Amino acid sequence: LQKTKLLTIKDIAELLGLKEEDKTLPNGRVVKSINWSPDHLDAVFKTVDVFRAEANIGRQDNVIIDGACPTFLLPTISHALHPANTAVSYPQGGPNATLAISGASVEGEGSAEDLGFEVTETNEYTIVEFKLASATIDAAKTVNSLVAPQVAQGKGVCITGRGPVAIAATLAEAYAHTVPFVANFVPGKGYVVSISHDADMPLEIGRAHV
């Protein structure tokens, strides 16, 4: 029988021994949040992989990932849950709404509702930049309609763009099993390798730059 499991970002943090810390937002409001770092990614992948195995989660099962997290973290979590179908909670769409982040196809120049792509090839990797058509979009329509652009084989993919984390994660998952590595851009840090099948590109910061 198909199973649906809930995995929260807070649960993962607790399993790693991480605790919430005070964070001051630009508007001066102080909130509690986990101070995630790219250094956590290897441990996150291993922890989530153990969760998947112990819960006997397979290809036909669904896992909902709940809670806010950095762009670089979500693809690692989703990839560790493979071959399950993954989605993120989407409170804006209702109390039980979710956005699927696995299963997007790769075809041609790519397409999505209210979204465009620019692909740049370098000698070492491919940069895929997504661009929102306007400042306000329907994230559900965009993610549900997303088809990733084709890229050169044998090179990693670096993803960048301003928009919901779910878009970057869906793009990362689309390439997860066809390229050596996927990296996500983090302002002030560079590209963080969030999915890797290449021993020379471990889950960490700083191994892919433009």
Inset, instruction - Among DSSP beta bridges lying fully in the chain, give the percent that are antiparallel, nearest 5. - result: 55 percent
Legend entry - Surface share of carbon and sulfur [accessible, 1.4 angstrom probe, percent] for segment 39-128: 45 percent
Inset, instruction - Find, to one decimal place in angstroms, the Kirkwood hydrodynamic radius of the chain, where the mean of 1/r is taken over every pair of different Cα atoms and then inverted. - result: 17.5 Å
Inset, instruction - Write out the trypsin sites (Lys or Arg not before Pro) in segment 145-210 meeting two conditions: DSSP loop, and at most 15 other Cβ atoms within 10 Å of their Cβ. - result: 162, 189
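Do any trypsin sites (Lys or Arg not before Pro) in segment 6-112 lie in a loop, going by DSSP, with at most 13 other beta-carbon atoms within 10 Å of their beta carbon, and if so which?
19, 29, 59
Kindly rank 63-76, 119-132 from highest to lowest mean number of other beta carbons found within 10 Å of each residue.
The packing order, highest mean first, is 63-76, 119-132.
So what is the accessible area of the chain per residue, in Å², with the probe set to 1.4 Å? Provide the component values of the computation, followed by the final result.
Numbers: 10930 Å² over 210 residues.
Value for the chain: 52 Å² per residue.
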Legend entry - Cα centroid of segment 157-201 to Cα centroid of segment 1-58, whole Å: 18 Å
Legend entry - Choice from 33, 134, 89 showing the highest fluctuation, given a GNM over the chain with Cα pairs closer than 10 Å: 134
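The values are calculated or read from the model by the stated rules, or taken from the named source; none is laboratory data. Note that the structure is predicted; figures quoted are calculated from it, not measured. Counting neighbours? That spans all protein chains shown, and the Cβs are built from the backbone with ideal geometry, glycine included. We work out accessible area using only protein heavy atoms, side chains counted, and drop any ligands, DNA or RNA first. Shrake-Rupley method; radii C 1.70, N 1.55, O 1.52, S 1.80 Å.
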